[in-house]
Amino acid sequence: MATTTTDQRGTAGRLAGTGFALTLALTLLVLFNYMDRGALAIAAPGLKTELALTATGFGLAISAFAWVYAPAQFFVGWLTDRFCVYRLVAAGLALWALATTLTSFTTGLAMLVALRILLGIGEGVAFPAASKIIAAKVAGKHRGIANSAVASALYFGPALGIFAGGLLMVHYGWRAVFLVFGLVTILWLVPWLLVSKPHWSERATASSSVSITRVMKEHAVWAMGIGHFANTYAFFFLLAWLPLFLVKTRGLAVLDMTRLLTMVYLVQAVSALFLGWLSDRIVARGNDEGELRKRLMGASLILTGIAVAGLSQATDTPHIAFWLLFAAISGGPAGSNPYALSQMFAGPRAAGSWVGVMNGLGNCSGIIGPIITGIIIDRTGSYANAFYIAAAVSIVGGLWWLFAIPRVRPVDFGEPVAP
């Protein structure tokens, strides 16, 4: 009996160590993902002028990323549940690093749009793969902090990207931003291969997997996709347009914008980590995990909408900083809880497909939002209405997460078919 207990503890320890190492690797992967994704916004003050882009043209370039990224999520989710997810991550990483590097040679809008589409294809693997790996390798009692660690990279990535990108742009021009970011991401491929190689033999079989058509029959995944649309709308709006807004409309110097936004994203990353840790503690005391995470999402989006509305009226640096920090703190839970809830609904067998469907629907905001914003700015000469729309979508989305998402319970997909 003692030997059995010792063996069980040893196995649990090895699994915990594996989960920690992979979570750390995924966190760094998503950090580079968001550095590269946000590079266009960082370079915008210089790039938009040199390439003579209108606000609508710039919005088109931002939107191009999601043209393929959003619909590809359905297919990528299916892939992660059937093939070696670790190899898929490596392939996606290499492709998006190449797209980022080549963007440094952009000469016009058409080339920029084409490379943004390529970036969207490569980066599409990140979140379905991360959820698949966490669902399989991380114990449920650590689900909050694991997803929050990965989600914190949504904010650490822009923080590091804005800090490094701002300095690069000031001293070497906007093209250096893409060149350096792309090359650094390519280098990260080596550590990822080293960490993931022991797991390359792991592969889902068709008999143990759940078809994506079966996942799409669930009402909950569609409800979460709509909620995720509201979640991503304001986030991508701020990620894409804030540097340009602060420099061109509010008159901040590039270095001042760099310092401010770096601080804001660092605060948001800390908020995500703290609330992820706290949520695990609350669940450990016997509280309903699903209800807690839905409430965190609802409160996060409602408060973020208030912050976005306040930011639209802020004209001086102290008030801008206040509303940005308000948005950063309130937005902390929004990066992790949709994925934690997906893992609760779908389990390890279908987590990739579930997140693929949810992300595919949710990231349609990246297709619609930038174009709407660009048209509004060109026609009105003001960002105000674009801010109001983002705020309204966020607040309505918060109410949606509170009242429209069904009770969280594991979906019974039936027993795997014996091979």
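Taken together, the values in this text are just the output of simple stated rules run on the coordinates, not laboratory data. Note that this is a predicted model, so its numbers are computed, not measured. Every residue, glycine among them, receives a Cβ derived from its backbone with ideal geometry; neighbour counts consider all protein chains shown.
Observations, loosely collected:
- Once the Cα atoms are used to define both axes, helix 254-284 deviates from the longest principal axis of the chain by about 20 degrees.
- Length gained when the stretch R250-K197 is fully extended (0.36 nm per residue, less Cα-Cα span): 14.2 nm
- Cα gyration tensor category, rounded, prolate or oblate, for the range 284-396 with a/c compared to 1.5: oblate
- Contour excess over end-to-end distance, with Cα ends at K141 and K217 and 0.36 nm allotted per residue: 24.5 nm
- With a Förster radius of 35 Å applied to the beta-carbon distance between Y388 and H171, the computed FRET efficiency rounds to 0.45.
- Bridging of K248 to lysines at a Cα separation below 22 Å is possible for K48, once same-chain residues fewer than 8 apart are set aside.
- Per residue of the chain, the DSSP helices (runs of n ≥ 4 H) give a summed -39500 (n - 2.57) that works out to -27500 deg cm²/dmol at 222 nm.
- Cα-based helix-to-principal-axis angle, 289-313 vs the chain, degrees rounded to 10: 0
- Each part reduced to its alpha carbon centroid, the range 17-39 and the range 132-190 end up 6 Å apart.
- Degrees separating the helix 39-50 axis from the principal Cα axis of the chain, which is the longest one: 20
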